[in-house]
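Data block below; observations after.
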Amino acid sequence: MEVLRHPSPILKSRAREVDIVDDTTLRDLVRLMAETMHAENGVGLAAPQVGVDKRVIVFDVDERLAALCNPVITEFSDETALDDEGCLSLPGVTVPVERSVRVVCTGRTIEGDEVTLEAEELLARVLQHEIDHLDGVIILDRCPPEVRKSAIKAYNQANDV
């Protein structure tokens, strides 16, 4: 699988919910996404980043590889932290992004089991980042205009866009 890069229009679109019961491609999709994420040295990947219009994410934090279908963040902590984030769809770019330090996320496994994750720190950040991708939001949308402009310029120069 190839990771789509900014400014692909797919990265700006809201992904469709996945039908876990009837989607016979789901297991292969998750496997390929995980392989792609690891090959690119990422900690998370959303299906739209590989051109698939489905609300599916994979992540590997603290050696815990997992996939979630139709994930939703149901709680955000009031406490936030500003930290640099990169993105496989924006190679070579990092920008400061403010995120909640704790979230509660619900979703389903590829087997259809409902799961609830109480996530903190890096896992909370990764879940917010990947679910943003499912909503057509990228890290450039989360930073101040002057940082965005500088990051786009650096990205375009580095990638001959």
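Total residues in segment 123-145 satisfying the condition of being surrounded by fewer than 18 Cβ atoms within 10 Å (Cβ to Cβ) and of a type in the set (A, V, I, L, M): the figure is 1.
The set of residues in segment 39-59 being surrounded by fewer than 17 Cβ atoms within 10 Å (Cβ to Cβ) and on the phi < 0 side of the Ramachandran plot consists of A39, E40, D53. Filtered by the rule that a residue be among the hydroxyl-bearing types (S, T, Y) and not in a strand (DSSP E or B), segment 68-96 gives S77, S89. Within segment 42-63, the only residue that satisfies the criterion of being more than 14 Å from the chain's Cα centre (by Cα) and in contact (Cβ under 8 Å) with a residue 40 or more places away in the chain is D62. Considering only residues in segment 97-140 that are assigned to a strand (DSSP E or B) and among the aliphatic types (A, V, I, L, M), the one that is farthest from the chain's Cα centre (by Cα) turns out to be V115. Return a yes/no flag: does segment 63-77 have any residue that is modelled with pLDDT under 95 and closer than 19 Å to V115 by Cα. Scanning segment 63-77 turns up at least one residue that is modelled with pLDDT under 95 and closer than 19 Å to V115 by Cα.
Scan segment 3-41 residue by residue and report those that are assigned to a loop (DSSP other than H, G, I, E, B), farther than 14 Å from C87 by Cα and either under 14 Å from the mean Cα position of the chain (by Cα) or of a type in the set (D, E, K, R) (or both). Full working, then the answer.
Of the residues in segment 3-41, the ones assigned to a loop (DSSP other than H, G, I, E, B) are 3-8, 13-25, 40-41.
Applying the additional criterion that residues be farther than 14 Å from C87 by Cα yields 13-25.
Answer for segment 3-41, where residues must be assigned to a loop (DSSP other than H, G, I, E, B), farther than 14 Å from C87 by Cα and either under 14 Å from the mean Cα position of the chain (by Cα) or of a type in the set (D, E, K, R) (or both): S13, R14, A15, R16, E17, D19, D22, D23.
Here is the figure for segment 18-38: residues that are over 17 Å from E130 (Cα atoms) and either surrounded by 15 or more Cβ atoms within 10 Å (Cβ to Cβ) or not aliphatic (A, V, I, L, M) (or both) total 9.
The values are calculated or read from the model by the stated rules, or taken from the named source; none is laboratory data. This one's a predicted model, so the numbers in the text were calculated from it and none came from an experiment. In this analysis, Cβ positions are derived from the backbone assuming ideal geometry, glycine residues included, and neighbour counts consider all displayed protein chains.
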